[in-house]
Amino acid sequence: MFASIKIAMIVVALATAGGGFLHYKNVKADLETAKANMIKLEQGIAEQQAVIEQQRKDFTAIREANDQLIAANQTLQNEMKALDDRFNKINAQGEVRDIGKLAIERDRAIERVINNASKKAMRCVEIAMGSPLTEKELNATKKSEINSECPSLANPNYVPY
């Protein structure tokens with residue numbers, strides 16, 4: 001009977017040692033899996049941080065472009081108002097100027113004014129579409145030298161006085 005207890009204890013000890021060994025192997029495998037997952041997570045975090053940084057840069061660039069567009073739009077609105085004021089002047093009798101009536105009375109003068117203004121307006125469109133400024137346009141500083149249709153676009157060095 002004593003021998004069977006000894007055998008039973010040896011079997012229990014071997015079973016415990018075997019279970020411990022299997023548990024050790026299982027924990028080691030879990031640890032390797034956890035390490036691999038941790039490396040993947042760290043790489044994912046680094047990639048996400050790079051994406052966030054790029055989005056910040058893009059947002060800043062978009063905001064700057066938007067600010068430039070707002071400033072350009074404000075300038076164009078001011079120029080549109082100035083053009084509207086030029087066409088709708090009030091004469092000495094207190095009446096709004098009628099371009100059609102003037103065209104009938106002084107046809108050659110109005111034709112010359114409209115042709116010159118059309119040439120200037122076409123140059124404004126060319127510049128807006130990307131045409132480079134000429135030396136004359138860049139160096140214009142006097143009111144007589146500028147493109148009066150779009151001075152802010154065609155003559156960046158002109159400062160109205």
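FYI, it's all coordinate maths here, none of it is from the lab. This is a predicted model, so every value here is computed, not measured. Every residue, glycine among them, receives a Cβ derived from its backbone with ideal geometry; neighbour counts consider all protein chains shown.
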Exercise. Hey, with R₀ at 22 Å, roughly what FRET efficiency would L31 and V11 work out to, going by the Cβ-Cβ distance, to 0.05?
Worked result: 0.15
Seminar exercise, completed: Burial-style ranking of 86-95, 101-110, average other-beta-carbon count within 10 Å with highest first, yields 101-110, 86-95
For this session: Please say if the stretch 96-161 is rounded, prolate or oblate, where rounded means a/c under 1.5 for a ≥ b ≥ c the square roots of the C-alpha gyration tensor eigenvalues, and otherwise the choice is prolate for a/b larger than b/c and oblate otherwise?
Result: prolate
Problem set entry | Estimated inter-spin distance, E135 and N73, nm [label 7 Å along Cα→Cβ] | 3.9 nm
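Counting only Cα atoms, I'd like the Rg/Rh figure for the stretch 2-153, Kirkwood definition for Rh.
Rg/Rh for the stretch 2-153 comes to 1.72.
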Exercise. Using alpha carbons only, how many degrees (0 to 90, rounded to 10) separate the axis of helix 2-87 from the longest principal axis of the chain?
Worked result: 0 degrees
Seminar exercise, completed: For the pair L22 and Q49, the simple spin-label estimate (label points 7 Å beyond Cα toward Cβ) gives in nm 4.3 nm
Exercise. Summing -39500 (n - 2.57) over the DSSP H runs of n ≥ 4 in the chain and dividing by its residue number, what mean residue ellipticity at 222 nm do you reach, to the nearest 500 deg cm²/dmol?
Worked result: -27500 deg cm²/dmol
Problem set entry | Angle in degrees between helix 107-128 and the longest Cα principal axis of the chain, rounded to the nearest 10 | 20 degrees
For this session: Could you calculate the contour length gain from V159 to K143, that is, 0.36 nm times the residue separation minus the distance between their Cα atoms, to one decimal place in nm?
Result: 4.9 nm
For this session: Return the whole-Å distance between the Cα centroid of the stretch 86-119 and the Cα centroid of the stretch 11-33.
Result: 101 Å
For this session: Could you work out the Rg to Rh ratio of the stretch 1-51, with Rh taken as the Kirkwood radius (inverse of the mean 1/r over all Cα pairs)?
Result: 1.54
For this session: Would you kindly give the portion of the calculated P(r) for the stretch 15-88 that falls above 18 Å, as a percent of all Cα pairs?
Result: 72 percent
